Every structure is written in structure tokens, then in C-alpha cells.
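Enquirer: This is the structure I have questions about; it appears just below.
The values are calculated or read from the model by the stated rules, or taken from the named source; none is laboratory data. Not measured: the values here are computed from a predicted model. With ideal geometry, Cβ positions are generated from the backbone for all residues, glycine too; neighbour counts draw on all protein chains shown.
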Amino acid sequence: MEASVFTALFLPVALFVIMLGMGLSLTTDHFKQVLITPKPVFIGLCLQIIALPVLAWIIAVAFRLPPELAVGLMLIAACPGGPTSNLISHLAQGDTALSITLTALSSVLVIIALPFIINYSSLYFIGEGQFVALPVIPTILQIVVITLIPVGIGMILKSRFPRFAERSQKSVKIVSAVFLALVIVGALAREKENLVGFFLLVGFAALALNLASMAVGYIGARVTRLNLSQVRAITVEVGIQNGTLGIAVATAPTLLNNSTMSIPAAIYSLIMFGTGALIILWGNLHHRRHG
């Protein structure tokens, strides 16, 4: 797959399908949930939007990552959860409604947070005069187009054609998983000559971030006395990120336009499938013992 086709055609289509699938599972009641039970939503969002980028910064510094890979690690940490987190949360006996609510709200908040996180981390790791800046307003508008619009279309379809949306959800989830796998393969293929080196450089850092984020999600939810299904949902939501969005922002010609920065997102996405399977196993065992 040519890089131009990947970034200009396939990646936007893949992201559109994935975000549309998320919209098909959303209703306005998920947003009202913030007013009804704000505590778990507030805790989950704080861990996602604040704690996760801080963790990524600490790990990038501790592992002494090359500048572009460090910014790429910050990028995946700045991304919201995605449909994958909702599915894993459901399979792990987590609070699916909370997971979907957190994904939806973090997808809105990231529109504002992501360009600032990337610009400051790029300035820190790459240095003044060389850093790659994201133009704030154009970036916000582009993320709205590639995330909120398909989510909105999905929500409208669910509202007007609930039976169709219900029947379509399973198929769309399967297609989304296939698209995500192809996006990861495409991102890795673009850097195939440096792939082994990148894995050695950023693989352990990505694994450390994934494990640390899940640990922080679990501890944060437990110490604030949330119930067990909410703990599982937040653990998953903080640790499972929208890798497709991260790769899209890194490779889009109008955004970062830097394929190296997409590598941490691609590797993180591979790792999170493995740890996600372990979370599902843990969640089910935990559910049988404690409910």
C-alpha cells in the first residue's frame, strides 16, 4: 500500500467506520449520565486526560526515547479510548455504559487537549526551532471532522433506526477490528526498514505505558471507592487507546505528517490487544469471585 493512498484514503475511511460504529452504540442518555452519576465519570476522565499524558512523559524520559518516538508516545497517551475499549470492558464484566460514556466524553475533550499536549511535548523533546507544531484551530476542526461527525451520524442512525443500529453493531465492530488491524499493519509497513530498531527502542516503553496506565486506572478507581464493575471499566478505558486516531494524526499531511511518530501508536495498539485479553480473563475471574 502506497503511503499516499494509506494516509489520503484508507486511513480516513478506517477511522470513519470505527467512529461510526461507536456512534451506533451511543444515545444522549450516555451524556446525561454525567449529571446523574458524575463521580465515576469525573474520575475516569481525570485519569485519561491528565494522569495518562503525565505517565507517558515520565516513561519517555525514563527510557530516553529518541525525540520523534517520545512525541509519538505522548500522542497515543493523548488519544481517547475507542470502540475497542468498550468491547473489552463489556467482555471483562465492566460497566459498559460508563465505558461508552468515558469514550464519548474523552473524544470530545481530546479535540482541545491533543494539540496542546503534542505541541508542548514536541517543544520539550525535539527542541525549539525544530519541533513539529500542530496548528490548534485547524487541528481541532480536522479532529471534529474525523471523529465527532461520524459519531454523530451513528447516533442519528441509532435514534431514527434503532433496530437497524442494533443489528449493525456486531458487524460494524468486526469491520472496525479488521480496519484497526490493517491500519496497524499499514503504519508498520511504512517503516519496515526500521521496524526491528523501533520495536527495540519503543516496545518496552509502550508496554510500560500500557501496564502503568491500567494500574493507575485500577488504583484510582479503587481508592475512590467505586464499585467493581466501574473499576474494571476505568481500568480498561485508561489503558486502551484509539490507536487509529493516533496514527491518523501522526501521518496526516495536514497534521504532523511524520510516519515515525505513528510507530508508538501502532506498537501500543498491538500490545493492548494482548493485555486486553488478560484484562478480560481477570475481569471474568474477579466477577465470579466477587460479583
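Enquirer: Looking only at the range 258-273, decide whether some residue is over 22 Å from residue 93 (Cα atoms), in a loop (DSSP other than H, G, I, E, B) and either of a type in the set (S, T, N, Q) or in contact with a Ser or Thr (Cβ under 6 Å, 6 or more places away or on another chain) (or both).
Expert: There is at least one residue in the range 258-273 that is over 22 Å from residue 93 (Cα atoms), in a loop (DSSP other than H, G, I, E, B) and either of a type in the set (S, T, N, Q) or in contact with a Ser or Thr (Cβ under 6 Å, 6 or more places away or on another chain) (or both).
Enquirer: Condition test on residue 218, is it part of a helix (DSSP H, G or I), without any contact (Cβ under 8 Å) to a residue 24 or more places away in the chain and not polar (S, T, N, Q)?
Expert: When the stated conditions are applied, residue 218 passes them.
Enquirer: Kindly indicate which of 168, 122, 159 is modelled with pLDDT of 85 or more, over 18 Å from residue 78 (Cβ atoms) and either not acidic (Asp, Glu) or not in a helix (DSSP H, G or I) (or both). Steps first, answer last, please.
Expert: Working: 168 fails: modelled with pLDDT of 85 or more; 122 fails: over 18 Å from residue 78 (Cβ atoms).
It is 159.
Enquirer: Here are some residues: 200, 195, 157, 228. Which one is within 23 Å of residue 93 (Cα to Cα), over 21 Å from the mean Cα position of the chain (by Cα) and aliphatic (A, V, I, L, M)?
Expert: Numbers: 200 fails: within 23 Å of residue 93 (Cα to Cα); 195 fails: within 23 Å of residue 93 (Cα to Cα); 157 fails: within 23 Å of residue 93 (Cα to Cα).
That would be 228, the only listed residue that is within 23 Å of residue 93 (Cα to Cα), over 21 Å from the mean Cα position of the chain (by Cα) and aliphatic (A, V, I, L, M).
Enquirer: Under 7 Å between Cβ atoms, which residue pairs at least 6 apart in sequence (or on different chains) link something in the range 192-213 that is crowded, with 19+ Cβ neighbours inside 10 Å with a partner that is of a type in the set (S, T, N, Q)?
Expert: Taking only residues 6 or more apart or on different chains, the pairs are 210/275.
Enquirer: So in the range 248-279, with the set limited to residues that are β-branched (Val, Ile, Thr) and more than 20 Å from residue 208 (Cβ to Cβ), which one is surrounded by the most Cβ atoms within 10 Å (Cβ to Cβ)?
Expert: Keep residues of the range 248-279 that are β-branched (Val, Ile, Thr), which gives 249, 251, 254, 260, 263, 267, 271, 275, 279.
Filter once more, keeping what is more than 20 Å from residue 208 (Cβ to Cβ): 249, 251, 254.
Working: 249: 29, 251: 25, 254: 11.
Across the range 248-279, the extreme among qualifying residues is 249.
Enquirer: Between 110, 175, which is crowded, with 21+ Cβ neighbours inside 10 Å, in contact (Cβ under 8 Å) with a residue 40 or more places away in the chain and part of a helix (DSSP H, G or I)? Break it down stepwise before answering.
Expert: Working: 175 fails: crowded, with 21+ Cβ neighbours inside 10 Å.
Checking each option against the conditions leaves just 110.
Enquirer: May I pose another question? Which ones in the range 244-257 are of a type in the set (Ser, Thr, Tyr) and either in a helix (DSSP H, G or I) or touching a Leu at 6+ places or on another chain (Cβ under 6 Å) (or both)? Break it down stepwise before answering.
Expert: Let us first name the residues in the range 244-257 that are of a type in the set (Ser, Thr, Tyr), namely 244, 251, 254.
Those that are of a type in the set (Ser, Thr, Tyr) and either in a helix (DSSP H, G or I) or touching a Leu at 6+ places or on another chain (Cβ under 6 Å) (or both): 244, 251.
Enquirer: Output the qualifying pairs, or none if there are none: Cβ atoms under 8 angstrom, residues six or more apart or on different chains, first residue in the range 1-25 and under 30 Å from residue 160 (Cβ atoms), second residue modelled with pLDDT under 65.
Expert: 10/1
Enquirer: Would you mind stating whether residue 241 is buried (at least 16 other Cβ atoms within 10 Å of the Cβ) and part of a loop (DSSP other than H, G, I, E, B)?
Expert: Details: buried (at least 16 other Cβ atoms within 10 Å of the Cβ): yes; part of a loop (DSSP other than H, G, I, E, B): yes.
Considered against the rule, which asks whether it is buried (at least 16 other Cβ atoms within 10 Å of the Cβ) and part of a loop (DSSP other than H, G, I, E, B), residue 241 comes out as yes.
Enquirer: Now, a different point. I'm told residue 138 meets every condition in (1) surrounded by fewer than 24 Cβ atoms within 10 Å (Cβ to Cβ); (2) within 30 Å of residue 166 (Cβ to Cβ); (3) of a type outside the set (Gly, Ala, Ser) except one. Can you identify the failing condition by its number?
Expert: That leaves (2) as the condition not met.
Enquirer: In addition: Consider only pairs whose beta carbons are under 6 Å apart and that are at least six residues apart or on different chains; among these, list those whose first residue lies in the range 51-75 and is of a type in the set (D, E, K, R) and whose second residue is assigned to a helix (DSSP H, G or I) and surrounded by fewer than 24 Cβ atoms within 10 Å (Cβ to Cβ).
Expert: 68/260
Enquirer: Would you confirm whether any residue within the range 251-268 is touching an Asp or Glu at 6+ places or on another chain (Cβ under 8 Å), under 22 Å from residue 102 (Cα atoms) and at pLDDT 90 or above?
Expert: Within the range 251-268, none of the residues are touching an Asp or Glu at 6+ places or on another chain (Cβ under 8 Å), under 22 Å from residue 102 (Cα atoms) and at pLDDT 90 or above.
Enquirer: Sort out which residues of the range 50-82 are among the aliphatic types (A, V, I, L, M) and within 16 Å of residue 233 (Cα to Cα), and write them in order of number. Spell out the reasoning first.
Expert: Kept after step one, since they are among the aliphatic types (A, V, I, L, M), are these residues of the range 50-82: 50-52, 54-56, 58-62, 65, 69-71, 73-78.
Across the range 50-82, the qualifying residue is only 52.
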